[in-house]
Structure formats: structure tokens, C-alpha cells
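What follows is a short report on a single structure.
The values are calculated or read from the model by the stated rules, or taken from the named source; none is laboratory data. This one's a predicted model, so the numbers in the text were calculated from it and none came from an experiment. Here the Cβ is made from the backbone with ideal geometry for all residues, glycine too, and neighbour counts use every protein chain on show.
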Amino acid sequence: MAHDAKHKKSRKGGAAKMILIVLLILVLAAGGCLLAIRKEINGSASAGKTVSVSIQQGSGVGTIANALKEAGVIRFPRLFRWYVGKQGAAAKLQYGEFTLAPGSSYDDLIEVLSEYAKAESVRLTFPEGTTAIAMARKMEDAGLCTAEEFLKEANTGDFSEYKFWQYVPDDKDAPDRFLKCEGYLFPETYEFLKDDTVHNYVATFYAQFDAQITDEMYAEMEKQGMTLSEVVTLASFVQEEAGNDQDDNVAQVFRNRLADGSPYPRLQSNTSSYVQSDADNNYLWNWVAPYYGGWDKIPENIVAAYDTYSCAGLPAGPISNPGLAAIKAALTPEPDEAAKNAYFFVTDLKGSYYYAHTLSEHNANCKTAAAVNKSMNTEK
């Protein structure tokens, strides 16, 4: 019996040693894998002999990565694709004949692949708050593509290489939304190649948007229980109602209205409402109605989903493409004391903002703003 016990202990000890050895091998393998990935991204000390790589026009990041792998320039095409997306460089990659050195760092490869000397370029500036339709028209006016082509690609193209894209609902999951692309075409100044593809034009905007939304911002959304769509939609209203040093205050007012138990659960913003007037900056009247050929031709579900005087909570989607300041204000506002508990605000022609907690206070502010406006009109 004593011999058997000793034998069992010996077997147990041998098994434990074997487990430790296996674990050690796994740890070493994981460490080796991480080192290989790091070396791949950062490049080797001495790059190999240069090779010529041909990239066809219209090639996506995946196709480019595979071409680099086949030429021996990189080892891990999926890693390269991820890194390009992480750097927001997808739209910068060009087509043509490139001389590349195997073992180069990913940053060096991106730099070379971004060089282009085969076509003229067009420089366009899109102000914060520009709508998707306005952007599409500007692209058409510049002779880059038709507005219809731009919007079709922006709404139906595959842009899954960007992290944010997975958080944008498909049309079937957002049947009342006007345009899928609205809110995510980041407003900025861009340099476009005249003979590039429509996909790459759209990718330029999306890549820039993707680069703005950090992991910390996604974590904050999850913490607050907000979706990316909700944040961008709210930001678009902040952009339209403020777009200045009042972003945080206006965002706070809207968030107060959207909070559980709020006595005013509707945004009630003239920037998207039933008001049919050219004098107002009204998304439904100025952009949605012309798209469908007139106010009476807008689908009823779209009107109901975007009229902020009738729909509770946020509308079905953004009403413009907001800048980063508006997005940050929508997510984590830092309001002044006057706006912390406010449910209302009104502005005058001088650009002053008046905040109120109660309707009676708001009505008084409206009278004050009206008096300022009247005095300014009298001075004219």
C-alpha cells in the first residue's frame, strides 16, 4: 500500500510538471507572437531588398494588404489592415507602381503608399453642421462625382473596416431614419484626387470620423448607456443650435429634457420641426422635403420621427454632420451654472443665450430676447 501511495504521488508530481511545462510553452509562444507583431508593425532594423508592387485603382485596404503579402513586403495582411484603419489612413492609400522594402515599418509603408503624382487634386472645405446632401452637392459641383453616386455609396457601401461602422444601425433596424450616412461624414478640409473612386471619396470622410471617436469615448457611451447613434444625433442638434462656446450648455439642456422623469421629454428644436418656413434652419423643410419632391411627399413615418415637437426623445437620426466639439459636448457636457438644471433656452440676434428651468422663466427670457432683437432692427 505504501508503495502504491508513493507511486501515485510520483505520477501526480509528473503530471504537475507536465502542466507547468505546457503553460511555460504557451507563455513563451504568446510572448513570441507579441514580439513578432511588434516587429512587424515597427519594422526590422535592416529592411530587405526593394521590390515593385502594383496597386490597382479602386483597391481597398484588404486588397492592398494582400498585394503586399504576396510581394513579401509584410507577413500579416490582417494586421496591416487593422493598423491602417486604426491610424485613419485608409482613404490616403493610392494606386500605382510603388517601390517598397520588405521589413519596413507600417508607418513608412503607409507614407509611401499615400504618395500620389498621377492626377490633379481638388481641395474642399466642409464646415461643421453641413448636411450629407449639401456635401454630396459640393462633391458634384467640384466635378468629382454626382451627388446621387456619393449618397448611394455613403449609405449602402461596405465600410466595415472602420470601427464606428459596426455601431451604425442598418436600414432594416432603423426604418424611420432618413439617411444612414448623416452624422458620420466628418466635416473637415480634404484633398481629393480627381480620378479617384466614389468609394474612396466617401471613405475619406468616414476615416476621419473614425479617428475622432476614441476608445475612451466608446467606454463613456457604454457607461452612460448611450449608443453612438444617440450621441451623434444629439451632437447634430448641439451643432445646429450652438456650434460655439455654448455647446456644453445647450447639450446639457437637451440632456435634461431627455432624462428619465423629465417634464419636457421632447427636444422641441426648430432645427427639425413641423414649421414650414424658409426663414428657419429646419432639416425637415430644407433638406428632407426637397429630397422627396415636396413636404406633402415626405413619408409620414419620417415626419413623425424627425418632428421634435411631436416625437418624444431623440429623432430617428442626426440632422447634420457635427464637429468634434459638439460630439464631446453631447457625450460629456461641462455646463455653466445657469444651464445645469435648465429645460429651456432662447437666443437673441446678438448671439446671447438665455437659460431657464421653468416655462414662466423661459417666457420672460423670450420677451427679453425679443426686446433686444427689436432694438437691433430699429437701429438698422
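Of the residues examined, residue 140 is not one that is acidic (Asp, Glu), in contact with a Ser or Thr (Cβ under 8 Å, 6 or more places away or on another chain) and touching a residue at least 40 places away in the same chain (Cβ under 8 Å).
Scanning segment 195-216 for residues that are in a helix (DSSP H, G or I) and of a type in the set (Asp, Glu) yields 210, 215, 216. Quick one: in segment 226-272, which of the residues that are assigned to a helix (DSSP H, G or I) and hydroxyl-bearing (Ser, Thr, Tyr) is surrounded by the most Cβ atoms within 10 Å (Cβ to Cβ)? The residue in question is 236. Does any residue of segment 74-89 turn out to be of a type in the set (D, E, K, R), part of a helix (DSSP H, G or I), free of Cβ contacts under 8 Å to residues at least 12 places away in the same chain and touching a helix residue (DSSP H, G or I) at 6+ places or on another chain (Cβ under 7 Å)? Among the residues of segment 74-89, not one is of a type in the set (D, E, K, R), part of a helix (DSSP H, G or I), free of Cβ contacts under 8 Å to residues at least 12 places away in the same chain and touching a helix residue (DSSP H, G or I) at 6+ places or on another chain (Cβ under 7 Å), which makes the answer no. Starting from segment 159-179, keep only residues that are outside the structural domain of residue 232 (by TED's automatic domain parsing), then list their pairs with residues that are surrounded by fewer than 17 Cβ atoms within 10 Å (Cβ to Cβ) and assigned to a loop (DSSP other than H, G, I, E, B) whose Cβ atoms are within a distance under 8 Å, requiring at least 6 positions of separation or different chains. That search, which allows pairs on different chains as well, returns 166/160; 167/227; 177/169. When each of 44, 54, 104, 59 is tested for being at pLDDT 90 or above and not in a helix (DSSP H, G or I), the lone residue that passes is 104. Consider segment 293-312 and keep the residues that are touching a residue at least 40 places away in the same chain (Cβ under 8 Å) and out of contact with any strand residue (DSSP E or B) (no Cβ under 8 Å at 6 or more places or on another chain). The one that is surrounded by the fewest Cβ atoms within 10 Å (Cβ to Cβ) is 301.
Within the option set 290, 318, being within 25 Å of residue 127 (Cβ to Cβ) and buried (at least 19 other Cβ atoms within 10 Å of the Cβ) holds for one residue only, 318.
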